[in-house]
1. Of A:47, A:62, A:112, which has the largest mean-square fluctuation in a 10 Å C-alpha GNM of chain A?
2. Helix B:49-68 against the longest principal axis of chain B: what's the angle in degrees, Cα atoms only, rounded to the nearest 10?
3. Using a label point 7 angstrom from Cα along Cα-to-C-beta, what distances in nm, from shortest up, separate residue B:43 from the other copies?
4. Taking residue A:1 in one copy and the same position in all the others, each labelled 7 Å out along Cα→Cβ, what are the pairwise distances from the first, in nm, shortest first?
5. What are the semi-axes of the equivalent ellipsoid for the range B:91-130, taken as the square roots of 5 times the Cα gyration tensor eigenvalues, largest first, in whole Å?
6. Compute the relative contact order of the range B:3-143 as a whole-number percentage, counting only Cα pairs closer than 8 Å that sit 6 or more residues apart in sequence.
7. Between copies, how close do the residue B:98 label points come, placed 7 Å along Cα→Cβ, listed in nm from shortest?
8. Please find, in a Gaussian network model of chain A (springs between Cα atoms separated by less than 10 Å), the residue of A:59, A:18, A:113 whose mean-square fluctuation is greatest.
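What follows is calculated from the coordinates using simple rules that are stated; it is not laboratory data. Since this is a predicted model, take the numbers as computed values, not measurements. Quick reminder, even Gly has a Cβ in these numbers, built from the backbone with ideal geometry, and neighbours come from all protein chains shown.
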């Protein structure tokens, strides 16, 4: 199984809501995941804010899974997040998370030194290339030996 | 149909993800909604952060639906939100949103004067009475005559 399928399986097999939302991993670099508004609509027929936030959160998990899956003793959790909604999403929720190389290096150093590290990830949600939401999440990685 | 069933139907009929998450409206005052972790689990077997955030968002919508549903020309959207996760949720996600009377009065005055108003809502997520997450959302109500 290629890496794109592996990370998509991680999301869909481990997090049932990812399947309910129809989440797909589209590209790995930059990490982009998508979900159709048809499965994630709200009372106005546009994307539900809770779905947009969840897809952005999954993009963060997926990026960290790609960076850290070589070590199965590392657990990932989210500590806090914030999101600003800029415009309605009408067809496809697309969340893009660039690889923050410097922050990932720091995270791996913290994990090596203290079995625990933190990283702040920014995720851009867009439709048709236009920004639709800005998400920021603080994730924690913990190694349990 | 009583008011509890009406607001639950609003959530479940208009927002398919609410049904996928198994959301139920438990009480109206304070507004409390719940969803089972069984439908909202993550890679660690606890509640997915995206689900916790979505349930809290739905609590905000439900509270505003109760306050404003007499006027069907009012649309509700969420502008921004933030959440802090305090501890894992293992069985039931429970989101509680108290009725902020003063803010609701201001919102209704703004709607009457400008056909548009904003309100900041705090939602407490808990399990077994212990706080599990703190959510704050800025919602916008727009009257389209």
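1. With Cα springs under 10 Å in chain A, the top fluctuation among A:47, A:62, A:112 is at A:112.
2. 30
3. 3.5
4. Copy-to-copy label distances at residue A:1, shortest first: 4.0 nm.
5. With the √(5λ) rule applied to the range B:91-130, the semi-axes are 30, 9, 6 Å.
6. Details: 268 pairs, mean separation 35.9, N = 141.
After rounding, I find 25 percent.
7. List, nearest first: 4.3 nm.
8. Maximum fluctuation in the GNM of chain A, among the listed residues, is at A:113.
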